[in-house]
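Just below is one structure, and these are the notes that go with it.
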Amino acid sequence: MSEAGELVRELMVESLAAWRVAGSVARALDGALVIAGARKDIRIERAPSHLPFRWTVTVDGRNRHATSVVAVLRQVREALDPGYPANRVRIAVTPLVPSQ
């Protein structure tokens, strides 16, 4: 296992504790992270190199891609903590200064 993979595992363990969400983080035989908690099965693994994403997050059999560890954290938190208010950034083209 790479040092980066171990750091991501530790980040997930500490994140669960910080969010006060019961769960466990384990390493699968193929190197993926498996998180069990809140009746959810979550699998985090590196995306194949031909994809423009870095990570694949599978929650209860549904695959989603993430471009960063921050996106992975958001997806895991949303899956484990249904009361978590997900904040999405919306970008729209508007003038810098409203016209009068």
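We did not get these values from a lab; they are worked out from the coordinates using the rules stated. Predicted model, so just to flag it, every value in this text is computed and none were measured. Positions of Cβ are generated from backbone atoms using ideal geometry, with glycine treated the same way; all protein chains shown enter the neighbour counts.
Quick notes on this one:
- Listed here are the strands (runs of 3 or more DSSP E) enclosed by segment 1-86 that have at least 1 residues being surrounded by 16 or more Cβ atoms within 10 Å (Cβ to Cβ) and of a type in the set (S, T, N, Q): 55-59.
- Single residue of segment 21-58 satisfying the filter (free of Cβ contacts under 8 Å to residues at least 24 places away in the same chain and of a type in the set (G, A, S)) that is farthest from E78 (Cα to Cα): S49
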